[in-house]
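Below: one structure, written as structure tokens.
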Amino acid sequence: MENVAGGVGSDLELLQEYEPVLRFTAGELFFPTAVEAYVRIASLWELEPGGGAQQVVAAGSLDVDRLCKEAAARPDVELSLRFVAARFDRKQYREWRRRPGRPVFRSGGRFTKVGLLARVIDILFRSSLLLRGRVPGGLAAAAEVAYRTHLAPQHHPYYAHVTREGGYVALQYWFFYAMNDWRSSFGGANDHEADWEQVTVYLAEQPDGTLQPAWVALSAHDEVGDDLRRRWDDPELVREGDHPVVFPGAGSHSGVVVPGDYVTAVDPPGVLHRLLGGLRRLARIFTPWTRGEIAQGIGIPFIDYHRGDGTTIGPGHDRTWSPVVISDDTPWVQQYRGLWGLDTRDRFGGERAPAGPRYERGGVVRQSWSDPLGWAGLQKVPASATETAALLRARVGAIDAEIGGLSAQIDAGRTTLRSATAEATSLGHRQGLAGVAAERRAQLRQQERDLHALSIRRAQLLAERSAHAEALENPPSPPPPQAHLRKKALPVEAETDTRSRFLRIWSTLSTPLLFAAVAFLFFDQNVAVITGLVVFAVVFLGVEAIARRRFLAYAMTIVLAVLAVGLAVLVAQEVFGRWQTVLAAVFGAAAVATLVVNLRDLRRG
């Protein structure tokens with residue numbers, strides 16, 4: 001892979017022609033800012049193996065040149081920047097929230113968009129923050145003041161990395177944010193100082209030397225490979241001329257092409273990750289009628305708000321871009337492998353600051369930087385119809401050569417086979433050579449099978465050649481724009497006002513009610529209390545199912561539970577000779593289950 005030829009001027013022309021437009025969510029506090037200004041007010045720290053940190057350069061004494069020198073002098077040491085020296089205390093935080101003109105965000109009730117299990121997991125996750133090295137609650141507020149005061153919040157650079165490879169020109173637009181405040185400002189998964197996100201536009205080289213926009217890929221939370229990219233003609237991709245429109249997440253800054261509120265299930269590492277994976281597998285086995293909806297919902301749930309109803313940055317808008325071209329030769333890109341903000345050493349990883357555009361945490365080069373085609377699953381995608389035709393012609397040539405070789409092998413094999421048949425027949429008529437004749441006939445059968453395999457292979461190649469030849473003569477239409485997507489991320493459906501109010505009330509009260517019921521069970525375990533709690537659980541989960549529009553799936557679950565209990569009772573009752581009654585109950589339950597399934601299919605039809 002090599003940098004774009006033609007000089008910085010030609011790079012800038014391409015970059016500005018396809019600059020993305022970023023539409024943020026109302027209430028966003030941090031926008032793309034300049035690396036140099038951030039470094040000037042940050043301090044540099046050396047992380048110690050025992051968990052501590054030693055300051056290397058104090059705030060106000062650092063710039064990108066010194067950052068590079070200090071990093072070069074410590075090649076084997078973990079380094080991190082620190083943007084905010086101290087978080088706000090409770091009084092400062094309250095004053096910050098009450099300041100005039102503070103952007104206000106209205107979530108609409110994030111728990112209305114996730115189910116009961118997700119809400120319970122969220123409570124457990126929130127409790128785990130007490131045991132983690134998380135960013136303190138007042139840090140986002142202090143970072144916002146520092147950003148607004150020192151980092152020219154109306155100035156928005158992007159850091160552009162341009163490469164040519166495999167018939168594509170990859171225009172990478174890297175955006176640097178002083179803070180990711182997804183958790184503290186928007187109820188998300190994490191907070192961390194500094195944030196790097198990107199948008200990549202892929203231009204396909206045409207036979208006449210022109211460049212045609214082909215794909216757009218976005219850094220995202222849940223997507224990898226093919227799912228990261230959208231085709232230029234995708235009807236869901238909003239464009240303003242040749243400028244793709246991206247909707248960054250509120251506080252998280254990850255990108256999507258369809259605005260709305262997204263449910264993101266975040267998996268913790270280690271044992272909890274494996275536990276959630278096991279729960280998903282069980283959910284797929286025991287609730288197949290939900291088509292994986294329950295399994296997908298098992299995780300630590302958060303809402304990523306990509307509404308696009310706030311500030312817009314891009315060509316033709318009040319706020320525009322200041323491009324900066326970077327490469328492997330840019331000193332701070334190449335030499336500084338440390339983190340760009342406070343390293344909390346969070347065990348879950350989400351609260352740690354990121355490394356720069358070229359590196360992952362730990363100093364490994366990012367795939368998106370070193371292999372932008374592979375990162376978005378484009379190594380396998382031809383850049384143009386001309387390349388596709390050339391590849392097919394090359395394959396047809398290879399097939400012709402292989403068919404020629406196979407035909408020669410088949411001709412020779414046929415001669416050998418017929419000779420072996422004649423020899424076996426001749427030997428069979430000579431007394432005393434019957435054993436040799438039998439051995440020859442066994443060899444003949446193997447030779448016949450080998451010859452048949454060669455004929456099958458040739459027939460397959462002839463069919464493949466015919467298909468390629470037809471495609472070359474009459475090129476097929478390109479696949480639909482979204483044919484490559486395996487798991488398309490879409491926002492949750494907006495609710496009506498009445499339903500939204502019901503969901504907000506229910507999601508607020510249901511989890512406390514559940515925990516209260518469990519607590520009550522520990523105080524009294526008599527039959528009446530247990531029976532009452534079972535009834536409570538059935539009604540409680542029924543309301544939850546109605547709230548999530550999954551009552552039929554819930555009813556099916558209850559029926560299956562009854563069947564399971566019935567089968568267990570059958571084993572016990574059969575010993576006492578009352579198996580007829582139990583069987584009648586089981587088949588009756590099966591009839592109800594069948595009716596529920598049929599009613600569901602009838603409603604869908």
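Ile298 passes all but one of (1) modelled with pLDDT under 60; (2) out of contact with any strand residue (DSSP E or B) (no Cβ under 8 Å at 6 or more places or on another chain); (3) in a loop (DSSP other than H, G, I, E, B); which number fails?
Unmet condition: (2).
Just the residues that are of a type outside the set (A, V, I, L, M), in contact with a Gly (Cβ under 9 Å, 6 or more places away or on another chain) and assigned to a helix (DSSP H, G or I), please, taken from segment 370-418.
The answer is Gly374, Trp375, Glu387.
Mind checking which residues of segment 372-399 are surrounded by 12 or more Cβ atoms within 10 Å (Cβ to Cβ) and of a type in the set (D, E, K, R)?
Glu387, Arg393, Arg395
Determine if segment 193-214 includes at least one residue that is within 30 Å of Arg94 (Cα to Cα), assigned to a loop (DSSP other than H, G, I, E, B), in contact with a Lys or Arg (Cβ under 9 Å, 6 or more places away or on another chain) and touching a residue at least 12 places away in the same chain (Cβ under 8 Å).
no
Hey, does segment 118-136 have a residue that's touching a Pro at 6+ places or on another chain (Cβ under 6 Å), of a type in the set (Gly, Ala, Ser) and at pLDDT 95 or above?
no
Across segment 81-97, which residue is farthest from Val35 (Cα to Cα) among those that are in contact with a strand residue (DSSP E or B) (Cβ under 8 Å, 6 or more places away or on another chain) and open to solvent by 30 Å² or more (accessible area, probe 1.4 Å)?
Ranking the qualifying residues of segment 81-97, first place goes to Ala85.
Mind listing just one residue for me: the one in segment 38-80 that is within 20 Å of Val324 (Cβ to Cβ) and in contact with a helix residue (DSSP H, G or I) (Cβ under 7 Å, 6 or more places away or on another chain) and, of those, surrounded by the most Cβ atoms within 10 Å (Cβ to Cβ)?
Only one residue fits best here, namely Leu67.
Which ones in segment 325-347 are open to solvent by 50 Å² or more (accessible area, probe 1.4 Å), among the charged types (D, E, K, R) and either over 13 Å from Glu193 (Cα atoms) or in contact with a Ser or Thr (Cβ under 9 Å, 6 or more places away or on another chain) (or both)?
Residues satisfying the conditions are Asp328, Asp329, Arg337, Arg347.
Take segment 63-91 and flag every residue that is touching a residue at least 60 places away in the same chain (Cβ under 8 Å) and aromatic (Phe, Trp, Tyr).
Phe83
So which residues in segment 302-316 are open to solvent by 60 Å² or more (accessible area, probe 1.4 Å) and either within 11 Å of Gln154 (Cα to Cα) or more than 25 Å from the chain's Cα centre (by Cα) (or both)?
Residue satisfying the conditions is Gly316 alone.
Would you call Arg239 crowded, with 17+ Cβ neighbours inside 10 Å, under 15 Å from Trp375 (Cβ atoms) and of a type in the set (D, E, K, R)?
Working: crowded, with 17+ Cβ neighbours inside 10 Å: yes; under 15 Å from Trp375 (Cβ atoms): no; of a type in the set (D, E, K, R): yes.
Considered against the rule, which asks whether it is crowded, with 17+ Cβ neighbours inside 10 Å, under 15 Å from Trp375 (Cβ atoms) and of a type in the set (D, E, K, R), Arg239 comes out as no.
Among residues belonging to segment 453-477 that are part of a loop (DSSP other than H, G, I, E, B) and free of Cβ contacts under 8 Å to residues at least 24 places away in the same chain, point out the one that is surrounded by the fewest Cβ atoms within 10 Å (Cβ to Cβ).
Top of the filtered list is Ser477.
The values are calculated or read from the model by the stated rules, or taken from the named source; none is laboratory data. The structure displayed is predicted, hence computed values, not measured ones. Ideal geometry is used to build each Cβ from the backbone, glycine not excepted, and the neighbour counts take in all protein chains shown. Just so you know, the surface numbers come from the protein's heavy atoms only, side chains and all, with ligands and any DNA or RNA stripped out. Shrake-Rupley method; radii C 1.70, N 1.55, O 1.52, S 1.80 Å.
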